[in-house]
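See structure below.
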Amino acid sequence: MNEAFFVQLALSAAAVGVLVAIAAWAKIARPAGPLDEHKARGLLEYEFPGRRLDAVWVASDGAGALAKSGGLALVICQVGDGFAARQIPWAQAISSSFKNGKLCVDLADIAAPRATLSLPAWPPKDLAA
C-alpha cells in the first residue's frame, strides 16, 4: 500500500461524510409527524381538491384520519415514512370492523391494503346515514 491509496481512501471517506451531512441537513428519510385535525384537513384538501369535507375524525395516535365527503369516505393512513390517501364508499367505511378502539378499514389496494385508526367510537351517531 502506498501513499496514493491512503489519499484516495481519505478523500472517499470525506465525500461520504459530506453526503451524510447533506442528507441530515435536508431531513431526508425522516418520518412525518403525527396528524392533528389541521394537518389532516390540509392533506385531504391537497389529495382531493374540490371535495367538501363534512366531518373529519383523526386517530388518537395521529397515524391516520377519516373524513366524510358526501357519499365518499376519504382515508389517510400512515405508510412507511409518509401517508397514503384513498377514497372508498361511505357505506364501506361505516361497515368497517371496530374492535378494542381500532377501526380497520379495508382499502382493497395492494400498496395500502388496510387502514387501522385508533378512534374512541365508531360509527359516528350523527353521520351514520
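Hey, residue 77 hits all of (1) under 11 Å from the mean Cα position of the chain (by Cα); (2) open to solvent by 20 Å² or more (accessible area, probe 1.4 Å) but one; which does it fall short on?
(2)
Got a sec? Which of 63, 84 is in contact with a Pro (Cβ under 9 Å, 6 or more places away or on another chain) and open to solvent by less than 60 Å² (accessible area, probe 1.4 Å)? Reasoning before the result, please.
Working: 84 fails: in contact with a Pro (Cβ under 9 Å, 6 or more places away or on another chain).
None of the others qualify; the one that does is 63.
Results for (1) within 25 Å of the chain's Cα centre (by Cα); (2) surrounded by 10 or more Cβ atoms within 10 Å (Cβ to Cβ); (3) modelled with pLDDT of 95 or more; (4) of a type in the set (Val, Ile, Thr), shown as yes or no for each residue.
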position: 2; (1), (2), (3), (4): no, no, no, no
position: 5; (1), (2), (3), (4): no, no, no, no
position: 21; (1), (2), (3), (4): no, yes, no, no
position: 24; (1), (2), (3), (4): yes, yes, no, no
position: 29; (1), (2), (3), (4): yes, no, no, no
position: 36; (1), (2), (3), (4): yes, yes, no, no
position: 40; (1), (2), (3), (4): yes, yes, no, no
position: 44; (1), (2), (3), (4): yes, yes, no, no
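Does at least one position in the stretch 87-95 carry a residue that is part of a strand (DSSP E or B) and in contact with a Gly (Cβ under 8 Å, 6 or more places away or on another chain)? Full working, then the answer.
Of the residues in the stretch 87-95, the ones part of a strand (DSSP E or B) are 87-89.
So of that shortlist, the ones also in contact with a Gly (Cβ under 8 Å, 6 or more places away or on another chain) come out as 89.
Checked against the condition, which is being part of a strand (DSSP E or B) and in contact with a Gly (Cβ under 8 Å, 6 or more places away or on another chain), the stretch 87-95 yields at least one hit.
Of all residues being open to solvent by less than 50 Å² (accessible area, probe 1.4 Å) and part of a loop (DSSP other than H, G, I, E, B) in the stretch 110-122, which is modelled with the lowest pLDDT? Just the residue, please. Spell out the reasoning first.
Of the residues in the stretch 110-122, the ones open to solvent by less than 50 Å² (accessible area, probe 1.4 Å) are 112, 115, 117-119, 122.
Okay, now just the ones that are also part of a loop (DSSP other than H, G, I, E, B), so 112, 119, 122.
Values: 112: 79, 119: 88, 122: 83.
Going through the qualifying residues, I end up with 112.
For a quick check of your reading: which strands (runs of 3 or more DSSP E) sit entirely within the stretch 7-83 and have at least 1 residues that are of a type in the set (Phe, Trp, Tyr)? Steps first, please.
On the way: elements: 55-58, 64-69, 72-79.
So the answer is 55-58.
The values are calculated or read from the model by the stated rules, or taken from the named source; none is laboratory data. A quick note: this is a predicted structure, and the numbers were derived from the prediction, not measured. Please note: Cβ atoms are built from the backbone with ideal geometry, for glycine as well, and neighbour counts cover all protein chains shown. Side chains are part of the model used for accessible areas, which takes the heavy atoms of the whole protein and leaves out ligands, DNA and RNA. Shrake-Rupley method; radii C 1.70, N 1.55, O 1.52, S 1.80 Å.
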